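Quick note: the coordinates plus some simple rules give every number you see, no bench work behind them. If you're wondering where the values come from, they're calculated on a predicted model, not measured in any experiment. Here Cβ is always computed from backbone atoms with ideal geometry, including for glycine, and neighbour counts include all displayed protein chains.
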Amino acid sequence: MSPPASRSPNSPQPFLVAAAAWALPGLGYALIGQRARGITVGIAIVILFVFGLLIGGARALEVPMVEREEVQRRRLSNPSEPAERLRLLDEIRAKPWSIAQVFTGPVALAGGYVSAWAGTPREDPATHELVTPGVESHARVNEIAVLYTAVAGMLNLLAIIDSAHRAGRLLEQK
């Protein structure tokens, strides 16, 4: 058990601590006075997320409502084909790990944007062929990368809950 955080007359509200912990992993602990814990948790979460991206690339972050490369290529090659978009909830059910990845914070949102950009085929002006800027990892490499990024998000969710709970306890002790 860790030593209790020092009492501060201006202890932050739990919802502010939770929002800060989501925005930057470990910041919630730092706001309640547990800087060492915040630095340790923050570094662990960011390293885990970055290792996931290093293993599988930015395309390991599968964003809901962004189609996979083969579906996009088929649509671009046959524009008369009717557009079949899945509803958002169906798409999230198909990619449940994306929920866990979002808990990593804005870094996951930025990574999701890069993933969507990297997976969008574009026409090469010189050859007039469809070219995709980012390469999608396959098989176990992709699974491991998705697992690393999702575990980083779930670890941050635990840190968000714990730091907000500790902030609430500090307010009760006043």
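Summary table
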item	result
Efficiency of FRET from Cβ geometry, PHE51 and GLN13, R₀ 45 Å, rounded to 0.05	0.85
Linear extension gain, LYS95 paired with VAL141, 0.36 nm per residue minus alpha-carbon span	14.9 nm
